[in-house]
Structure formats: C-alpha cells, structure tokens
1. Six or more apart or on different chains, Cβ atoms under 7 Å: show the pairs whose first residue is in region 16-31 and surrounded by fewer than 18 Cβ atoms within 10 Å (Cβ to Cβ) and whose second is among the acidic types (Asp, Glu).
2. Checking the conditions here, which among LYS211, LYS204, LYS115 is within 22 Å of ILE37 (Cβ to Cβ) and surrounded by 14 or more Cβ atoms within 10 Å (Cβ to Cβ)?
3. In region 1-53, which residue that is out of contact with any Ser or Thr (no Cβ under 9 Å at 6 or more places or on another chain) and among the hydroxyl-bearing types (Ser, Thr, Tyr) is nearest to LYS143 (Cα to Cα)?
4. Of the residues LEU51, LEU89, which is closer than 18 Å to HIS173 by Cα, open to solvent by 10 Å² or more (accessible area, probe 1.4 Å) and either assigned to a loop (DSSP other than H, G, I, E, B) or not acidic (Asp, Glu) (or both)?
5. Name the residue that is nearest to ILE13 (Cα to Cα), counting only residues in region 92-119 that are in contact with a Cys (Cβ under 7 Å, 6 or more places away or on another chain) and in a loop (DSSP other than H, G, I, E, B).
6. Are any residues in region 54-68 open to solvent by 20 Å² or more (accessible area, probe 1.4 Å) and touching a strand residue (DSSP E or B) at 6+ places or on another chain (Cβ under 6 Å), and if so, which ones?
7. Take the residues in region 126-155 that are of a type in the set (Phe, Trp, Tyr) and under 30 Å from GLU5 (Cβ atoms), then tell me which one is surrounded by the fewest Cβ atoms within 10 Å (Cβ to Cβ).
8. Return the total of residues in region 167-187 being under 12 Å from ASN214 (Cβ atoms) and polar (S, T, N, Q).
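The values are calculated or read from the model by the stated rules, or taken from the named source; none is laboratory data. Computed from a predicted structure; not experimentally measured. Cβ coordinates were reconstructed from backbone atoms using ideal geometry, including for glycine residues, and neighbour counts include every protein chain displayed. Calculation scope for accessible area: heavy atoms of the full protein, side chains included, ligands and nucleic acids excluded. Shrake-Rupley method; radii C 1.70, N 1.55, O 1.52, S 1.80 Å.
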Amino acid sequence: MITREKNLVSIIITSFNREKYIKDCLESILAQTYREIEIILVDDCSTDNTLQIFNEFKRAAVEKRPEMKDRIISISLPRNVGYAGPLTLGMFLSKGEFIAIQDSDDLSHPERIEKQVSYLNANPQYELVGTLFSSFFNYKNGKFFGIRRPVSWIKFDEKIYKVYQSGGHCICHGTTLFRGSVFDRLGGFTRKLGKEADFEFLQKCINNGVKANNLPEVLYYYRRHPEQMSKQKDN
C-alpha cells in the first residue's frame, strides 16, 4: 500500500523543447496560493535550453522558499519517448495526496490548486476535478494577449458521465487535479495512444467509477502557438 503525504499536491509537468514557455509555466505554479506542493518535471529529451531554464528557476525558487529544496524535481529521459510515458513516470514519482497536471506551455491561475483541493476536501465523494479554461496567444509582463472566452464544451455534474459514456470529451486534461489513490488504483496512461492518451485516461477514470466534476471558473490558461502538441506528430 502506497503511503501518500497528506495535503501535498504533486504537480506533474512534462516538457519537450519548451525553452520559450517553461519559465512562465513554472512561475505560475510557484505563485500558487496553496503552498503544500511539489513540482515534478519530466523532460522528454529536450535539445534546447529547457533544462537549464528549469535549473535556474529551481535555484531562485529555493532561495526564496528553502522548504522547496526537495520539492522541485527534474528527470531527463535519455531518449524521446512521446507524450504518455513521461506523464506516467511523473505520477510514479509523486508523493502527494493529490496529483495535478500542468502542461509546460500553459499557465495556471494563482488560486487554481487551492480551489481544486478545497473542492475535493469539501466533497469527499469526488476524486477528480477540472476547471474552465481560456486560450491566449501571448503572455508578457503579467498580461495575457489574444485571450478568448472560455470554451463551451466543458460539462458539469452528471452530464460528464453521459458525455464519456457516448465517447465524447468534456474535461480539459491540463486542468485536472485528482486524488493520488486514483493513479494507485487504475494506473497511468496508455503509451501506444500518443496524443489521445489524455482522453483515454479520463475515460478510464469515469468508466471505473471515479466521480468527477469541473469548477465553473477559468483557472487555467491554454497557450496557442505553432509548436503545441496538437499540431505535432509527436509530443
């Protein structure tokens, strides 16, 4: 039986050549109002400066918050293996009562983790919670550019089960926070599915009785750019 650290949130970030965006992503996580976090970066054999930027971030973060010394972790894979494998590895390394997903080119609202943890603590029958999100084109000096309205395909309450039972999708994977026991019980992602692994993981959760919901607030920001995963054959 795995013993998980109560109240700790393990935030899993995977990266591949994200030197343009990783710093913004990491700073949005360190700025969370919820302080009991660990950051686990699994780098998928980047060939740019992603890891150097991460290491600089870690040094600066630990200077400000010494308690984060052993809670900011990076693993660099020896070869590029794609999307699902690094995510599952990050979950295996997690120690928290909760696991949160964060894409390395996106940003989280400062209150994202606090509000999601509060929801699960107040609603013990639920095991997974996502949020609304908005997309943006650029982010500079704390300001979003080209931001759009929240998407309309996110669903709530019982509608979520109907959507996944019919083969649809209504939870944004990057916004999710779930109990670590979900991963311990059901395992991680199916590597052979590539970019569809996030849908498969959420569908597996729902079909195996994981009660899920979405918060009706924009707590996550999805960056639109030419290198994003949805526009690539790999990663």
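1. Taking only residues 6 or more apart or on different chains, the pairs are GLU19/ASP48.
2. On the way: LYS211 fails: within 22 Å of ILE37 (Cβ to Cβ); LYS204 fails: within 22 Å of ILE37 (Cβ to Cβ).
One residue alone meets the criteria, LYS115.
3. Across region 1-53, the extreme among qualifying residues is THR33.
4. On the way: LEU51 fails: closer than 18 Å to HIS173 by Cα.
Of the residues listed, the single one that is closer than 18 Å to HIS173 by Cα, open to solvent by 10 Å² or more (accessible area, probe 1.4 Å) and either assigned to a loop (DSSP other than H, G, I, E, B) or not acidic (Asp, Glu) (or both) is LEU89.
5. Here is the first cut: in region 92-119, the residues in contact with a Cys (Cβ under 7 Å, 6 or more places away or on another chain) are 102, 104-107.
Subsequent filtering for residues that are in a loop (DSSP other than H, G, I, E, B) retains 104-106.
Values: SER104: 6, ASP105: 10, ASP106: 10 Å.
Checking each candidate, the answer is SER104.
6. The answer is LYS58, and nothing else.
7. Here is the first cut: in region 126-155, the ones of a type in the set (Phe, Trp, Tyr) are 126, 133, 136-137, 139, 144-145, 153.
Narrowing the set further to residues that are under 30 Å from GLU5 (Cβ atoms) leaves 126, 133.
Working: TYR126: 16, PHE133: 25.
Of everything passing the filter in region 126-155, TYR126 is surrounded by the fewest Cβ atoms within 10 Å (Cβ to Cβ).
8. So the answer is 2.
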